[in-house]
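Read-outs: derived from the displayed coordinates by stated rules, not from any lab. What you see is a predicted model, and the numbers here were worked out from it, not measured in a lab. A quick note on method: Cβ atoms are made from the backbone with ideal geometry, for glycine too, and the neighbour counts reach across all protein chains shown.
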Amino acid sequence: MTKQEALLKYVLRLADNVSILGHRLGEWCGHGPVLEQDIAMTNIALDCIGQARNYYQYASKIEGIDKTEDDYAYLRDPLDYYNLLIVEQPNKDFAYTIVRQYFFDVFHFLFLQKLSDSKDKQLAAIAEKAIKEVTYHCKWSGDWVLRLGDGTDTSHEKMQHAIDILWTYTGEMFLMDEVDEILLKEKIGVDLIGLRQEWLKIVSEHFKEATLTLPETTWSQKGGKQGYHSEHLGYILADMQYLPRTYPGSIW
Amino acid sequence: MDTTKNKVLQEVWEILEQVPDPEIPVLSAIDLGIIRDVIFHDGKIEVVITPTYTGCPAMNMIEVNIKSILQENGFQNSMVTTVLSPAWTTDWMSEKGKEKLKAYGIAPPVGKTSDKHVLMGEEKLVCCPQCGSNHTELISQFGSTACKSLYKCLDCKEPFDYFKCH
Ligand SMILES: [Zn+2]
């Protein structure tokens, strides 16, 4: 794999993570438990989609062909999507959405901190911009983890249940493959293994305060980054891509 | 050479004062601090802007508005380019802009972003733009647009938007 090929895949992974998570959060629009939180989730979705647009625009520059950001988002099939499995997991209930968000937000924050030192100037610039937004995301999901974890018996139980299920999707965030190795060597990419300890420390301290328990299993789901997804992604793409695929080339 | 060039640039900066933020029309693109540079080359104007929030839908509109107002003022084929770095911060908002925000009913950003507490959402006292009381409470970190949070005044009981530090 050339450096160029690795970079393209790397950028698409970052793009797909926020694009798919943004879509999931957008599904809450009009269904939030209270108006303010409905607005919060769609605000965060908007940040995610904005970040995805930056990455997709950069991907088309790397490929150097006449592709637009929309081509990446709307005209690729599940096998060509490289997002982490955790972001495509369904919303289910508010607790589930919060736990998914919190796991990803803490990772995302630590990741962007490192990426803003990347030797690739465009990635560094996107990260520098995005981290300000993600700081607010962390605060929001972190607050809800506390409030629901250390809340009523019901909210606590729902949170713990969500944690027990979503936990097995967190390991993938820290797995390195050939793409990651090539770009780490070039000082473009981030050392994911190195992020794990810090992530675990933040999450476990926060869970302790929220009276929640970290599962002990270290077994992890994986494959999203290589294009092997849970069945959920197909449904997301069907929803997301229906219009541009049915009416090719239509614009606002 | 540069007196004509400087005159042109000055004229463009003045014209840009008239480009409103589509979501907070009392603020101009200049008040917001998103115009990073104006360049005059080959008889054409290039305006360099930076987005407030990555996903801010107002940015596309601002770009269109910049081009059209320049055209109306006789500058054909002007260009708008976007840069991401250095990332926009509310520290770049003009003092005049902050005053206009307050008069419009939106509390302006308090404090500098160099203060980490501010970024972590632990805001300094936010004063009610209606009655001036500092007896206020955060309702939600996320408001009607990406750049605002929702507050309420505990004295006059009015809810209000706060342009958050970023
Ligand atoms: Zn008041």
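Site pair B:ILE139 and B:ALA103 shows an inter-label distance of 2.6 nm when each label is modelled 7 Å from Cα along Cα→Cβ. Cys residues of chain B that find no other Cys beta carbon under 4.7 Å: B:CYS56, B:CYS127, B:CYS147, B:CYS165. Ranked by the mean number of other Cβ atoms within 10 Å per residue, highest first, peptides A:231-239, B:62-70 order as B:62-70, A:231-239. Charged side chains reduced to their Cβ positions (Lys and Arg at +1, Asp and Glu at -1) give chain A a dipole of some 500 debye around its Cα centre.
Computed from point charges on the beta carbon alone (+1 for Lys and Arg, -1 for Asp and Glu), the dipole magnitude for the range B:3-88 about its Cα centre is near 240 Debye. Ordering A:THR218, A:LEU46, A:THR168 by Cα displacement along the dipole of chain A toward the positive end leaves A:LEU46 in first place; charges were set at the Cβ atoms of Lys, Arg (+1) and Asp, Glu (-1).
The relative contact order of chain A comes to 25 percent, based on Cα pairs under 8 Å that sit 6 or more residues apart.
Quote to one decimal, in nm, the extra length available between A:TYR74 and A:HIS232 on full extension: 0.36 nm per residue of separation minus the C-alpha distance between them. Intermediate results must be reported in sequence, preceding the final value.
Values: separation 158, 0.36 × 158 = 56.88 nm, distance 1.63 nm.
Contour length minus the Cα-Cα distance gives 55.2 nm.
Coordinate range of the alpha-carbon atoms in the range B:14-157 per principal axis, descending: 56, 28, 23 Å.
On average, how many beta carbons from a partner chain sit within 10 Å of the beta carbon of a residue in B:81-89? Mind dumping the intermediate values first?
Working: counts 0, 2, 1, 10, 9, 3, 10, 2, 1.
Average per residue, whole number: 4.
Kindly provide the helix-only [θ] at 222 nm of the protein assembly as shown, computed as the sum of -39,500 (n - 2.57) over DSSP H runs of four or more divided by all residues, to the nearest 500 deg cm²/dmol?
On the way: 15 runs with 217 residues, N = 418.
Calculated mean residue ellipticity at 222 nm is -17000 deg cm²/dmol.
Under the membrane-span-like helix rule (DSSP H runs whose alpha carbons stretch at least 15 Å along the helix axis, mean Kyte-Doolittle hydropathy 0.0 or higher), chain A yields A:3-26, A:94-115.
Using alpha carbon coordinates only, what is the Rg to Rh ratio of chain A, with Rh defined as the Kirkwood radius? Could the numbers behind the result be given before it?
Details: Rg = 17.7 Å, Rh = 18.6 Å.
For chain A, the value is 0.95.
Counting Cβ atoms of other protein chains within 10 Å of each Cβ in B:47-60 and taking the mean gives 4. Peptide B:68-76 has a mean of 0 when you count, residue by residue, the C-beta atoms of other protein chains within 10 Å of its C-beta. Taking +1 at the Cβ of each Lys and Arg and -1 at the Cβ of each Asp and Glu, which of A:LEU123, B:TRP92, B:ALA107 sits farthest along the dipole of the protein assembly as shown towards its positive end, judged by Cα position relative to the Cα centre? Projecting each Cα onto the dipole axis, the largest value belongs to B:TRP92.
Amide H contacts under 5 Å for B:HIS166: B:THR90, B:ASP91, restricted to partners 5 or more places along the chain or on a different chain, H placed in the peptide plane at 1.01 Å from N.
For the pair the range A:40-86 and the range B:1-34, the centres of their Cα atoms are 32 angstrom apart.
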